[in-house]
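Here the structure is laid out as structure tokens; the discussion comes afterwards.
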């Protein structure tokens, strides 16, 4: 871990070695979790006050009769870096795998004495998409993320959210800047996706524009407030604009923070969508960190999730007929399948018929 000068007052930037998988869906039997065989550098900024508060939280010792997850306890309150200035922290949780079993059986104990029996039940619940037993577990995250990613994230509406308020406080002078490896043209086949990389001078120009715009709008933000981000006054003779008005000028790559609490069922839905290859890279990095917290928290549910939701796939009736014909050695092609081109290609890719992909 290397310490360098940060961008916020009284802060340091820690560059931590970190594994980022392009998608943990790509190989469910070989998931690379963070802090192993590092291939990607991430930066995170924490103020001295934030580091002090985290240390105090981690030093707490409490006695409880409630179930706990020992592995999740090890990273409780820890700020795990994401992107250049972001992080994810697990700050609270309720329940574990046994809570799901208990709810499913409406029992009084922690479930059965055999882990294999509990595992079988959880797999059954996952396979048949039962919902309420998984809703009995909850988890709360503290997340620091760019505003444009927060706007995607908040689309997952079944959660409790409290965001850092720019009406009451001044936002930190921190902006997300993508690396050159993540600058790409618009995809021609996916209206929401990226295509080939942009290289050379054009990439440098784009990064310069992003940096210049972010710095200029933040300077104007301070000027309108008549206050710098360190709390000092710019001009004693001027009045500052209300914070709720000055904030509208900030760019979408400005970082915000929130507390996000959700139940296990909706966390699984979030991870299945935002950890997918089709999700935007920036939000996938957050899903990557959160998938590890899921494994630590509810390992049996994690295994079932990876098996049935991530590693499995849903077939339409027509898709099922196509696979049945192929298994029988019968002729089947796109023209006679009655599938859309996208569904056909997804089906062929999932069953490793790559020569049939259009």
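The values are calculated or read from the model by the stated rules, or taken from the named source; none is laboratory data. Since the structure is predicted, the reported quantities are computational estimates derived from the model, not experimental observations. Because the Cβ atoms are built from the backbone with ideal geometry, glycine has one as well, and the counts that use them run over all protein chains shown.
Just to be sure, is residue 40 surrounded by fewer than 19 Cβ atoms within 10 Å (Cβ to Cβ), at pLDDT below 50 and out of contact with any helix residue (DSSP H, G or I) (no Cβ under 6 Å at 6 or more places or on another chain)? Quick ask: steps written out before the conclusion?
Numbers: surrounded by fewer than 19 Cβ atoms within 10 Å (Cβ to Cβ): yes; at pLDDT below 50: yes; out of contact with any helix residue (DSSP H, G or I) (no Cβ under 6 Å at 6 or more places or on another chain): yes.
Judged against the criteria, residue 40 is a match.
Of everything in the stretch 260-273 that's in contact (Cβ under 8 Å) with a residue 60 or more places away in the chain and touching a helix residue (DSSP H, G or I) at 6+ places or on another chain (Cβ under 6 Å), which residue is farthest from residue 94 (Cα to Cα)?
Taking the candidates together, the pick is 268.
(1) modelled with pLDDT under 90; (2) assigned to a helix (DSSP H, G or I): which one isn't true of residue 220, the others all being true?
Every listed condition holds for residue 220 apart from (1).
Return only the number of the condition from (1) over 28 Å from residue 272 (Cα atoms); (2) surrounded by fewer than 14 Cβ atoms within 10 Å (Cβ to Cβ); (3) without any contact (Cβ under 8 Å) to a residue 12 or more places away in the chain that residue 333 does not satisfy.
Single failed check for residue 333: (3).
Testing residue 152 on (1) at pLDDT below 95; (2) part of a helix (DSSP H, G or I); (3) in contact with a strand residue (DSSP E or B) (Cβ under 9 Å, 6 or more places away or on another chain), one condition comes back false. Which one is that?
(3)
Any residue at all in the stretch 249-259 that is over 23 Å from residue 158 (Cα atoms), without any contact (Cβ under 8 Å) to a residue 12 or more places away in the chain and assigned to a helix (DSSP H, G or I)?
no
Which of the following residues is in contact (Cβ under 8 Å) with a residue 24 or more places away in the chain and assigned to a helix (DSSP H, G or I): 206, 170, 139, 122?
Working: 206 fails: in contact (Cβ under 8 Å) with a residue 24 or more places away in the chain; 170 fails: assigned to a helix (DSSP H, G or I); 139 fails: assigned to a helix (DSSP H, G or I).
Going through 206, 170, 139, 122 in turn, the sole match is 122.
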